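Q: Encoded as C-alpha cells, here's the structure I'll be asking about.
The values are calculated or read from the model by the stated rules, or taken from the named source; none is laboratory data. On a predicted model such as this, the values are computed, not experimentally measured, just so you know. Positions of Cβ are backbone-derived with ideal geometry, glycine not excepted, and every protein chain shown enters the neighbour counts. SASA here: full protein model, heavy atoms, side chains in, ligands and nucleic acids out. Shrake-Rupley method; radii C 1.70, N 1.55, O 1.52, S 1.80 Å.
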Amino acid sequence: MVKDMTTGPAWKHILFFSLPLMAGNFLQQLYNAVDGIIVGQFVSAEAFSSVGLNLSLTMLFIAFAIGLGVGIAVVVAQYFGAQRMDDLLRAIDTALIIMGVIGAVLTAVGITCSGWLLRTILQVPEELLYMSKLYFSIYCTGLFFQFMYNGIAAVLRGVGDSRSTLYFLMVSAIMNIVLDLLFVAVIKLSVAGAAIATVISQAACFIVSYIYLRRRFASAKGKKFDKQIGLVILKLGLPSALQQSIVALGNIAIQRLVNGFGQASIGGYAAANRIDGFMFIPISSFQMSLASYTGQNVGAGRMDRIKSGLVSTCAMSMSVVIVIGILLYVFAAPAVSFFGMSGEGLRRGVEQVRFLAPCYIIFSIYLSTGGVLQGAGDTLMFSAATLGALGTRVFGSYVTVALGWLGYSSPWVCTPIGWSVALIIVLTRYFTGGWKNKAVVKKAAKEGEEL
C-alpha cells in the first residue's frame, strides 16, 4: 500500500506510518535478542560473548546498506511526491542493481577477511576467537540478501508503504527463532547454528519482499539501470553510508576497548546492547517516518507542512521513550540475566542499561530532527552530526580510560555526551534553514527534464 502524506494531519500520517515500522523493527530486534538468549542458555556465556562481540563488525556491513537506503528512499519519496512515475520505476531498478552489486562484493570481502578483522582489529581474546570467527564467516554469506532487502525496504518507505516490510520481517523473525531452536538447542550446532539460521531467514525475507516489489512496481521494459538516477542515489546515499560505516567503525573501536576489560565486560556490554536496542525501535521508526513524510512534502512543494511534522514526531518519540526507559530501568537485572549473564557480567550489564535509559530523550530529539534533514536531501549535514556524536564518544572513552577516570564504564558514560553534540548540530541546521534548498526533485518538472 502506497501512502500520500502531502495532505491531512501530519501526526496521523507519521504515527500510522511508524507503527508497522516499529512492529517490524521489534521483530528484528526480538530475533536478534532470541539469538543471544538461545546461545547463552543452551551453549554457554562464553558462546554468547563470542556472538555478541561480532555485533560491531556485522553492523559495519549493515550500516553501509542502511546508509545507501537513505539515498534510495529520498529519491523514491520525492519522485513519488512529484508523481513522476516513469522515473520512479527507473529509480527502483537502478537502486536494486546498485545494492545487489555492492552486497555481492562485500559478501566476498567479509568471508575472506573474517580472521584478520577479529584477530587484528577487534583483538578478540584467544579463548573466544574460534567461535567468533566461525559465527562471523557464516553470517557474511548472507550479506547479499541483507543489501537487497534493505534496498527494497528503502523503496517501500519512500512510497509510504511501511506495512509490507512488517510482514516480510515477521516471516523472517519467526523462521529465525524456529531455526535457532532447531540448530542450537536440538541439533547442537552451537554458534554455527545461530549463524546458519540467520542467513536462511535473511534469504527468505529477501525472496518474499522481491516478489512483492516486482508485482507492485513492474517495469514494462524490465530491469534498467539509469546512470543519472544512480549517480543521484549514490550522491545522497554514500554520505549516509560512509557516515553509518564510520559510526560502525567507531563501535568497533569501542568494542576493542571493552574487550580489554575481560569476559565480564564483553558479556555485560553485549547483553546491555541487545536490551538497549529495544529503545532504538520507536526512535528510529519515527525518524524514518518523518524522513519519508518530509521527502514527499518537499517533492510536492509543501514546505509549510514540515514544522508540524517535526513537532509531532518529537512529542510522540519522547513520550514512548519515557515509558520504555522506566521499564528498562526497573527490569534491567532480569533482562540481562536472560542472556546467561551472572556475577560481575550481570552487574556491569545492569549498570549500563540503567545509566542510558533516561538519556534516550536526547537521542530521540536528535534523530527526529535528523529525519527532516534526511528527507529534504540534506544528508551531508546529518552525517556531520552523527560523526560529531561518534567522535565525542570514542575520543572521550579512550581518554577517560587512559587517565584512569572511568574504566569499563567509559563507553556508555560518554554516549549521551556525543548525542548532545549531535543535537546541537542538527537543531542549528534546522533553525538556520539550510536544508530547505536541498531538494533533488521538483514537482513542476518539464517533460524530459532529469534530476
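Q: I'd like the Karplus ³J(HN,Hα) series for region 283-291: coefficients 6.51, -1.76, 1.60, θ = phi - 60°, whole numbers in Hz, and an x wherever there's a Gly or Pro.
A: 5, 5, 5, 5, 5, 5, 5, 5, 4
Q: If you don't mind, another one. Size of the chain along its principal axes in angstrom, Cα-based, largest extent first?
A: That works out to 66, 43, 34 Å along the principal axes.
Q: A further question follows. Considering Cα pairs under 8 angstrom that are at least six residues apart, work out the relative contact order of the chain and quote it in whole percent. The partial results should precede the final answer.
A: Values: 768 pairs, mean separation 113.0, N = 451.
Dividing the mean separation by the residue count of the chain yields 25 percent.
Q: At 1.4 Å probe size, with the rest of the protein present, what percent of the exposed accessible area of region 351-440 is carbon and sulfur atoms? Could the numbers behind the result be given before it?
A: Values: 2460 of 3420 Å².
It is 72 percent, rounded to a whole number.
Q: Here is a follow-up. Please give me, ordered by residue number, the trypsin sites (Lys or Arg not before Pro) of region 216-289 that lie in loop per DSSP and have at most 15 other Cβ atoms within 10 Å. Walk me through the numbers on the way to the answer.
A: Working: sites: ARG216, LYS221, LYS223, LYS224, LYS227, LYS235, ARG256, ARG274; in loops: LYS221, LYS223, LYS224.
Answer in residue order: LYS221, LYS223, LYS224.
Q: Another question about this same structure. For the chain, what is the calculated [θ] at 222 nm in deg cm²/dmol (nearest 500), taking -39500 (n - 2.57) for each run of four or more DSSP H residues and dividing by its residue count? Please list the in-between numbers first.
A: On the way: 17 runs with 351 residues, N = 451.
The helix-only estimate for the chain comes to -27000 deg cm²/dmol at 222 nm.
Q: May I ask for the Kirkwood hydrodynamic radius of region 333-438, worked out over all distinct Cα pairs and given in angstroms to one decimal? Provide the component values of the computation, followed by the final result.
A: Values: mean 1/r = 0.0654 Å⁻¹.
The answer is 15.3 Å.
Q: Under 13 Å from the Cα of LYS235, which aspartates and glutamates turn up, not counting those fewer than eight places away in the same chain?
A: Reachable aspartates and glutamates: ASP378.
Q: In a solvent-free Debye calculation with one equal scatterer on each Cα, what is log10 I(q)/I(0) for region 43-119 at q = 0.15, 0.25, 0.28 Å⁻¹, listed in the order of the q values?
A: -0.67, -1.13, -1.24
Q: Using a simple spin-label model with points 7 Å from Cα along the Cα→Cβ vector, what separation in nm is obtained for ARG214 and ARG354?
A: Taking the simple label geometry, ARG214 and ARG354 are separated by 5.4 nm.
Q: How big is the dipole moment of the chain about its Cα centre under a simple scheme where the beta carbon of each Lys and Arg is +1, that of each Asp and Glu is -1, and everything else is neutral? Debye, nearest 20, please.
A: For this selection, approximately 980 debye.
Q: Could you work out how far the C-alpha centroid of region 316-364 sits from that of region 77-126, in angstrom?
A: For region 316-364 versus region 77-126, the Cα centre distance is 31 Å.
Q: Express the Stokes-Einstein translational diffusion coefficient of region 220-259 in µm² s⁻¹, to the nearest whole number, given a Kirkwood radius over alpha-carbon pairs, 37 °C and a viscosity of 0.692 mPa s.
A: 263
Q: Rg (Å, one decimal) plus Dmax (Å, integer) for the alpha carbons of region 269-399?
A: 17.2, 58
Q: Taking all protein chains in place and a 1.4 Å probe, what share, in percent, of the accessible surface of region 117-207 do carbon and sulfur account for? Write down the numbers at each step before the final one.
A: Working: 2360 of 3250 Å².
Of the solvent-accessible surface of region 117-207, carbon and sulfur hold 73 percent.
Q: Summing +1 for each Lys or Arg and -1 for each Asp or Glu, what net charge is found among the other residues whose Cβ lies under 10 Å from the Cβ of GLY267? Provide the component values of the computation, followed by the final result.
A: Details: positive: ARG348; negative: GLU46, GLU344.
Residues near GLY267 contribute -1 overall.
Q: Can you pull the percent of region 1-83's accessible area that's carbon plus sulfur, 1.4 Å probe, other chains left in place? Please report the intermediate quantities before stating the final value.
A: Numbers: 1790 of 2600 Å².
Result for region 1-83: 69 percent of the exposed heavy-atom area is carbon or sulfur.
Q: Also: Hey, can you find the accessible area per residue of the chain for me, probe 1.4 Å, expressed in square angstrom?
A: Numbers: 17390 Å² over 451 residues.
Accessible area per residue: 39 Å².
Q: Still on this model: Using the C-alpha gyration tensor of region 393-435, what are the square roots of 5 times its eigenvalues, in whole angstrom, with the largest one first?
A: Values: eigenvalues 177, 12, 6 Å².
Those come to 30, 8, 6 Å.
Q: Relative contact order of region 245-381, please, whole-number percent, based on alpha carbon pairs below 8 angstrom and at least 6 residues apart. Mind showing how you got there, number by number?
A: Details: 141 pairs, mean separation 55.5, N = 137.
Relative contact order of region 245-381: 40 percent.
Q: Still on this structure: Could you work out the longest stretch of the chain that avoids the GluC sites (Glu not before Pro) located in DSSP loops with at most 16 other Cβ atoms within 10 Å? Kindly include the intermediate steps, with their values, before the conclusion.
A: Values: sites that count: GLU447, GLU449, GLU450.
The reported range is 1-446.
Q: Once all Cα-Cα distances of region 300-345 are split into 10 Å bins that start at 0, what whole-number percent is in each one?
A: Using 10 Å bins, I get a P(r) of 21, 27, 21, 16, 11, 3 for region 300-345.
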